[in-house]
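The values are calculated or read from the model by the stated rules, or taken from the named source; none is laboratory data. All figures in this text were calculated on a predicted structure; none of them were measured in a lab. No Cβ is skipped: glycine too gets one built from the backbone with ideal geometry, and neighbour counts run over all protein chains shown. Heads up: the accessible areas ignore ligands, DNA and RNA and are worked out on the full protein's heavy atoms, side chains in. Shrake-Rupley method; radii C 1.70, N 1.55, O 1.52, S 1.80 Å.
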Amino acid sequence: MRNSSRGAVDPFIVMDVMEAARQAEEAGHHVIHMEVGQPGTPAPAIARDTLARAMREDPLGYTVALGLPALRRRIAQLYGEWYNVDLDPARVIVTPGSSGGFILAFTALFDAGDRIALGAPGYPSYRQIMKSLDLVPIEVQTRAEARYQLEPSDLDGIDYQGIMVASPANPTGTMLGKDPLGALIDAAQAKGAAFLSDEIYHGIEYEQKAVSALQISDDVCVINSFSKYFSMTGWRVGWLVLPERNVRQVERLAQNMFICAPHAAQVAALAAMDAGDELDANMAVYRENRRLMIEGLPKAGFDRIAPPDGAFYVYADVSHLTDDSRAFARAILDGARVAVTPGLDFDPVRGGGTLRFSYARSTGDIIEGLDRLGRFMRDRGHIV
Ligand SMILES: Cc1ncc(COP(=O)(O)O)c(C=O)c1O
């Protein structure tokens, strides 16, 4: 059978790392997982209980394509609670994870050949999904001084029909403040380009609250998910917020591409939005883990790091130790039994010299992982 050329996307390297870690575990080794970008916690108890009840009482068939009306209303309410933004539920579209949201948004907003500016390092699937839709990701190397976030001056001389940002970002955990975010939205709007804001890590923030693009303009596409803050990665439910005039096009695409996001997951997601105490407890763990990482990574020899504003990642410059982060991550897995992600996933140009450490798991794992990393680096003579 033939294959398409647009479908020939790169693998998600972290998945390969996960597979190598799994093989090590199968061989009887105990591995600390600092590679995975997902909470170790389940969906909130109230979400699981509510769904258990619904499974007894409701056939859980298709929902309408835009999502359960009660869930769309509750998501709109969240914008009031978190950002003091008054959002019409009619602008909220429930999607199969934010990944499903990307496919819908990119297809609805762009034509084949359109160019979308992205900052590198960044979440790798943006460029792979774009490529598979015959879109052209324009990856711009961001500056360390800008905390690896896109700046309007990065776009000088570049032609584009869209700009996409993430704040807090994966892999760096850095955020765009209101002014820098506003400047990028202005740049897009001045060109008649679409502005897309991936806000999947909102809620997981430490020193200050993340700014939503919707606090600045209504003429943006916001992408979010229940995967991270709500601890529901495997449930595959997320959402988009779009200007009213764009909703019908997305609805038609959603009807045809997905029919709907999983009904059961939508029921659970709606209940999860009222799990305040449990979600606060998860945040307390991330906060402590972040403190341990910021303190412990430099002691373990990974001292070229910046404290993350949000999410649960630390992005470390290891270019003084290696130019092959993939091999280095493999050596760490084999030598320390700690799984970490090579930066090449996020930045094909500079990522040979970077690693991403995730601290989404338990605090006990973080303590053990840092200890193992320190011993590994000492044995190799990288620290004394
Ligand atoms: C920045 C970012 N956006 C989107 C996703 C995809 O999330 P999901 O499809 O589970 O909502 C991820 C997953 O790690 C991510 O890091």
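Data table
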{"quantity": "Filter result (open to solvent by less than 10 Å² (accessible area, probe 1.4 Å) and either more than 16 Å from the ligand (Cβ to nearest atom) or farther than 20 Å from Glu207 by Cα (or both)) within region 302-314", "calculated": "Phe302"}
{"quantity": "Subset tally (residues that are open to solvent by less than 50 Å² (accessible area, probe 1.4 Å) and either away from the ligand (no atom under 16 Å from the Cβ) or not in a helix (DSSP H, G or I) (or both)) for region 233-243", "calculated": "7"}
{"quantity": "Number of the exception - Phe230 against (1) of a type in the set (A, V, I, L, M, F, W, C); (2) within 16 Å of the ligand (Cβ to nearest atom); (3) not in a loop (DSSP other than H, G, I, E, B)", "calculated": "(3)"}
{"quantity": "Scan of region 21-46 for residues that are hydrophobic (A, V, I, L, M, F, W, C), away from the ligand (no atom under 16 Å from the Cβ) and not in a helix (DSSP H, G or I), ordered by number", "calculated": "Ala27, Val31, Ile32"}
{"quantity": "Of all residues making up region 110-145, the number that are in contact with a helix residue (DSSP H, G or I) (Cβ under 9 Å, 6 or more places away or on another chain) and without any contact (Cβ under 8 Å) to a residue 12 or more places away in the chain", "calculated": "1"}
{"quantity": "Residue that is nearest to Glu205 (Cα to Cα) [pool: residues in region 47-68 that are open to solvent by less than 70 Å² (accessible area, probe 1.4 Å), part of a helix (DSSP H, G or I) and in contact with a helix residue (DSSP H, G or I) (Cβ under 8 Å, 6 or more places away or on another chain)]", "calculated": "Ala47"}
{"quantity": "Residues of region 121-139 classified as within 13 Å of the ligand (Cβ to nearest atom), open to solvent by less than 50 Å² (accessible area, probe 1.4 Å) and not basic (Lys, Arg), total", "calculated": "7"}
{"quantity": "Residue match in region 366-376 (condition: assigned to a loop (DSSP other than H, G, I, E, B), at pLDDT 95 or above and under 29 Å from Ala120 (Cα atoms))", "calculated": "no"}
{"quantity": "Enumeration of residues in region 1-25 that are aliphatic (A, V, I, L, M), open to solvent by 80 Å² or more (accessible area, probe 1.4 Å) and either more than 23 Å from Ile103 (Cα to Cα) or at pLDDT 90 or above (or both)", "calculated": "Met1"}
{"quantity": "Qualifying positions in region 201-221 - within 14 Å of the ligand (Cβ to nearest atom) and under 15 Å from Ile93 (Cβ atoms)", "calculated": "Cys221"}
{"quantity": "Which numbered condition Gly100 misses (of (1) part of a loop (DSSP other than H, G, I, E, B); (2) within 16 Å of the ligand (Cβ to nearest atom))", "calculated": "(1)"}
{"quantity": "Tabulated pairs, region 1-23, first farther than 11 Å from Glu35 by Cα, second in a helix (DSSP H, G or I) and of a type in the set (Ser, Thr, Tyr), C-beta under 7 angstrom, 6+ apart or interchain", "calculated": "Arg6/Ser132; Gly7/Ser132; Val9/Ser132; Phe12/Ser125"}
{"quantity": "Selected residue (only one of Asn224, Asn246, Asn256 is within 13 Å of the ligand (Cβ to nearest atom) and among the polar types (S, T, N, Q))", "calculated": "Asn224"}
{"quantity": "All positions within region 104-119 that are surrounded by 21 or more Cβ atoms within 10 Å (Cβ to Cβ) and either within 23 Å of Thr142 (Cα to Cα) or within 15 Å of the ligand (Cβ to nearest atom) (or both)", "calculated": "Leu104, Ala105, Phe106, Ile116, Ala117, Leu118, Gly119"}
{"quantity": "Output for region 140-157, where each listed residue is open to solvent by 40 Å² or more (accessible area, probe 1.4 Å), touching a strand residue (DSSP E or B) at 6+ places or on another chain (Cβ under 8 Å) and either assigned to a loop (DSSP other than H, G, I, E, B) or within 16 Å of the ligand (Cβ to nearest atom) (or both)", "calculated": "Tyr148"}
